[in-house]
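The values are calculated or read from the model by the stated rules, or taken from the named source; none is laboratory data. Predicted model only: the values in this text are computed from it and were never measured. Because the Cβ atoms are built from the backbone with ideal geometry, glycine has one as well, and the counts that use them run over all protein chains shown. Surface accessibility is based on the protein's heavy atoms, side chains included, excluding ligands, DNA and RNA. Shrake-Rupley method; radii C 1.70, N 1.55, O 1.52, S 1.80 Å.
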Amino acid sequence: MRTATFPSFAPLSQPAEADAAVIGSGIAGLSAAWELARAGLSVIVLEADRLASGVTGHTTGKLTALHTSVYDTLRSEHGEEAARDYADSQSAALGHVLDVAGQLGVDCELEKRPAFTYCERPEGVDALRAEAEAARAAGLEASFVTETGLPFPVAGAVRVEGQAQFHPLKYLRGLVDDIVARGGRIHEGTRVTRLHGGDPCRLTTEAGVTVSAGHVVVATHHPLFDHAVLATRLTQHRDLVVAGSLPTDRDPEGMYITGEGGKRSVRTSPLADGSRLLIVTGEAFTPGSGEDTEARYARLEAWTEQHFPEVTLSHRWAAQDNSSTDTVPLVGRLPTAGDNVFVATGFAGWGMTGGVSAGTLIASLIDGAPQRWAGLYDPGRVGSALRSAPSFLKAQWDTGKHFVQDRLDTLGDGTNGPVQDLRPGEGTVVRAGGGPCAVHRDDQGELHAVSAVCTHMGCIVAFNNGERTWECPCHGSRFGVDGEVLQGPALRPLERRNPEDL
Ligand code: FES
């Protein structure tokens, strides 16, 4: 986000009409908007914050169809054809980015690299052999190898040729410029709070401005306006990321991932001084779990410095992803929001190819063009819902548990002892004024208090000490210490409380 610039766009202040309105400006939303604008539709993009400042602004930017070990799972749970369709659609998205970047003359640091899923422990080898075979059967140029460019030995790895990495925001800058050149309108700081599907669809923003649109694309990461139907088929996880410069001759020259040790993902990207920026992701956790995120950052930094001793770490951040309970993203019509509404979500951390693929798929659905992969990604699919029943039920159980148990946990004995004990940088949930209250002490010693009841569906938020945010364990909403919405599906801030009443 520091190495790409976007123009600023004013919030929407007047009622508007368009053939298509896109809510959300990550890679899925902007890809859909660009496809629709290119097809000749009038397009309006509505972004609650700044362009691409959500998940897409925090991604590691791998453009690959190798998604850890998805093919063996797809083959066994959805069948050979589904695995092939998945591979084809993700590979097509990769090729599409290369084509579009070329067409638009965008310099987005595209680099061809092989992608690897590796394991260090011998126990993981059989699963990776199976994944290599499944990925090859799905049409990828995949093989099982024991040698990689990593500076430490692996027990085995799946290697897929012909993949790529890029600077996602530089790519999206190219799309944004072209959308505007084609007459598309873009508004930042414009949060959509109501949507009625129909013909036309009607949207209302937080400022009370209305938009009438023939079609609406909901590309908000977690799907807003689905009345908690799709939400039951999504789980959230948050990954930590650390980065720093690495001498060029230490570049592992590939994109790597392992599910071992709480996940580790490695790639590098070019820096202006000729060295490489090493980007390492890991320590996946469920947002709102109240875990010690600082300790997780420390573990990730230690792992990175141990495995890449020449790195000089300088940055850290986090990214949040959601996954569907049956593995496949949810892209297509969003029937619970009414007619002519479409959704793209559940990319499970693979939103670069997934988002681009979703953009082309939704544009085809709006255009009425046949789309080979529509059935695989259809959010209304039912066959796989049965097969994914255990994951679905677990997601429901976890949500219900948080809704009930977290309330019981915060009832306490009515004393506010923990608030007095809070040290700078810490946060806790206590009972105050008859309800759960989320309290944080900042570095100056000042207390910030808000209601701990998530404004989405009422679960109790927990503190993330590494990012100093309140997070909801049920569907992943995130809030600042003064209650502002950082990430949906919540649309309204946490209510402010007076710290003096604690
Ligand atoms: Fe759904 Fe909090 S209750 S995000």
(message) Give the list, by residue number, of cysteines in the chain with no other Cys Cβ closer than 4.7 Å, or say none.
(response) CYS108, CYS119, CYS201, CYS437
(message) If you average the C-alpha positions of region 322-358 and of region 426-502 separately, how far apart do those two centres end up, in angstrom?
(response) 29
(message) Using helices alone, I'd like the mean residue ellipticity at 222 nm for the chain: each DSSP H run of four-plus residues gives -39500 (n - 2.57), total over residue count, nearest 500.
(response) -9000 deg cm²/dmol
(message) Leaving ligands and nucleic acids out of the surface, order ASP321, ASP273 by accessible area at 1.4 Å, largest first.
(response) ASP273, ASP321
(message) Could you give each residue of region 271-283 its phi-based ³J(HN,Hα) in whole Hz, using Karplus coefficients 6.51, -1.76, 1.60 with θ = phi - 60°, and x for Gly or Pro?
(response) 10, 4, 7, x, 7, 10, 9, 7, 10, 10, 10, x, 6
(request) Would you please give the residues with an amide H less than 5 Å from that of GLY162, counting only those at least 5 places away or on a separate chain, with H modeled from the backbone geometry? (result) none
(message) Modelling each spin label as a point 7 Å along the Cα-to-Cβ direction, I'd like the SER13/ARG492 distance in nm, to one decimal.
(response) 2.7
(message) Rounded to the nearest 10 Å², what accessible area does SER13 have for a 1.4 Å probe in the complete protein model?
(response) 90
(message) Taking the Cα of GLU294, stepping 7 Å toward and past its beta carbon, and measuring to each backbone N in region 436-458: which are under 16 Å?
(response) 440-446
(message) With θ taken as phi - 60° and the coefficients 6.51, -1.76 and 1.60, list the Karplus ³J(HN,Hα) couplings across region 219-225 in order, rounded to whole Hz; mark glycine and proline as x.
(response) 10, 10, 6, 6, x, 6, 6
(message) Once you place label points 7 Å from the Cα toward the Cβ at ASP249 and THR3, how far apart are they in nm?
(response) 2.2
(request) Using a 10 Å cut-off on Cβ atoms, rank the peptides 275-283, 487-495 from the highest mean neighbour count down. (result) 275-283, 487-495
(request) Output the relative contact order of the chain, whole-number percent, from Cα pairs under 8 angstrom with separation of 6+ residues. (result) 16
(message) Could you derive backbone 3J(HN,Hα) for region 202-207 from the dihedral phi with the Karplus parameters 6.51, -1.76 and 1.60 (θ = phi - 60°), listing whole Hz in sequence and x where the residue is Gly or Pro?
(response) 10, 10, 10, 8, 4, 7
(request) Using only Cα atoms, locate the centre of region 170-208 and the centre of region 233-275, then give the distance between them in Å, rounded to an integer. (result) 32
(message) Can you give me the C-alpha center-to-center distance between region 365-381 and region 134-164, rounded to a whole angstrom?
(response) 31
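What's the carbon and sulfur percent of the chain's accessible surface, probe 1.4 angstrom, rounded to a whole number? Write down the numbers at each step before the final one.
Details: 9930 of 20110 Å².
Carbon plus sulfur share of accessible area: 49 percent.
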(message) Going by average Cβ density within 10 Å per residue, which order do the peptides 332-338, 314-320 take, highest to lowest?
(response) 332-338, 314-320
(request) Treat the chain as a sphere of radius equal to its Kirkwood radius over Cα pairs and apply Stokes-Einstein at 10 °C in a medium of 1.306 mPa s; give the translational diffusion coefficient in µm²/s, rounded to a whole number. (result) 68
(request) Taking amide H positions as placed in the peptide plane 1.01 Å from N, state which residues far from HIS67 in sequence (5 or more) or on other chains have amide H under 5 Å from it. (result) none
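With a 1.4 Å probe and every protein chain left in place, work out the accessible area per residue of the chain in Å², rounded to a whole number. Don't skip to the answer; put the middle values down first.
Working: 20110 Å² over 502 residues.
Value returned for the chain: 40 Å² of accessible area per residue.
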(message) Return the equivalent ellipsoid semi-axes of region 1-134 as a descending list in whole Å, where each equals the square root of 5 times an eigenvalue of the C-alpha gyration tensor.
(response) 35, 18, 15
